[in-house]
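Asker: Questions regarding the structure given below will be posed in turn.
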Amino acid sequence: MAISGPEALNSLEEALRDIRREEDEISKRLARASERITKFRENEADLLRQLAMVRLDPAAQAQLAQTISQAEARAREMVRKHAGELSSTEDALKELDAEAAALVDAVGLTSFLGLTAGELSYGRKRALEIATTLALDPEMMLLDEPMAGMGHEDIDKVATLIKRISEKYTILMVEHNLNVVANLSDTITVLTRGKVLAEGNYATLSKDERVKEAYLGAGHE
């Protein structure tokens, strides 16, 4: 479609104005780029002058060498320091590994080190719990029904473990398995309805009529 007359003139003037605006913008960009190039060249020339002065001035060379030497000394000291810290950390980790291995061996889990805790049997999980408690080196261990939910085989294993560690640690245990109580306990406290009913060794308490009635019921033989 052809445009003639005033409309054609207006369109041409508008196009020319757009071209001039674009030219102005390009000129501004070129001017800014030229300024940056000039500044860069000035900085480059100044740097070259400083470098030349360092090369020609013995005092400047000596100062530069001293600065480099001091930086190298600090770097070597940092490396030496961190190497010592790393060595100490590695020694500490070795000690902790040895202690952990001893605890695992103490609870009879050495042959199961390749397994995750989730893969252990219920009884061995309880043994692992005891090992993690022993790692804290407690003055007293509190065990709440450690035999609950175990089969006879696991009960025997955990009971043997508790008996062994009781040689070093004081153990306070809540337990309703009378066979376990008989084999492990030095002193037994019998509770009923939140009150102490009797206290003593198993041989004495097993003959106590109050204990029999409370735990076996009336009419027991």
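The values are calculated or read from the model by the stated rules, or taken from the named source; none is laboratory data. Everything numeric in this text was worked out from a predicted model, so none of it was measured. Note: ideal-geometry Cβ built from the backbone for every residue, glycine included; neighbour counts use all protein chains shown.
Asker: L191 fails exactly one of the following numbered conditions: (1) within 36 Å of the chain's Cα centre (by Cα); (2) surrounded by fewer than 15 Cβ atoms within 10 Å (Cβ to Cβ). What is the number of that condition?
Answerer: Every condition holds for L191 apart from (1).
Asker: Something else now. Quick test for you: out of E139, E153, pick the one residue that is in contact with a strand residue (DSSP E or B) (Cβ under 9 Å, 6 or more places away or on another chain) and either assigned by TED's automatic domain parsing to the domain that holds E99 or of a type in the set (D, E, K, R) (or both).
Answerer: Numbers: E153 fails: in contact with a strand residue (DSSP E or B) (Cβ under 9 Å, 6 or more places away or on another chain).
Answer to the check: E139.
Asker: Another question about this same structure. Can you tell me which residue among V180, V158 is buried (at least 18 other Cβ atoms within 10 Å of the Cβ), under 25 Å from V107 (Cβ atoms) and outside the structural domain of D97 (by TED's automatic domain parsing)? Explain how you work it out, then say what you get.
Answerer: On the way: V158 fails: outside the structural domain of D97 (by TED's automatic domain parsing).
Every option except V180 fails the conditions.
Asker: In the set S4, S11, S87, which member is surrounded by fewer than 10 Cβ atoms within 10 Å (Cβ to Cβ), hydroxyl-bearing (S, T, Y), at pLDDT below 75 and not assigned by TED's automatic domain parsing to the domain that holds Y169? It would help to see each step written out before you state the result.
Answerer: Working: S11 fails: surrounded by fewer than 10 Cβ atoms within 10 Å (Cβ to Cβ); S87 fails: surrounded by fewer than 10 Cβ atoms within 10 Å (Cβ to Cβ).
So the residue among S4, S11, S87 that is surrounded by fewer than 10 Cβ atoms within 10 Å (Cβ to Cβ), hydroxyl-bearing (S, T, Y), at pLDDT below 75 and not assigned by TED's automatic domain parsing to the domain that holds Y169 is S4.
Yes or no, residue by residue, for (1) under 32 Å from the mean Cα position of the chain (by Cα); (2) within 25 Å of F112 (Cα to Cα):
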| position | (1), (2) |
| --- | --- |
| L128 | yes, yes |
| L134 | yes, yes |
| D137 | yes, yes |
| M150 | no, yes |
| L178 | no, no |
| E199 | no, no |
| A203 | no, no |
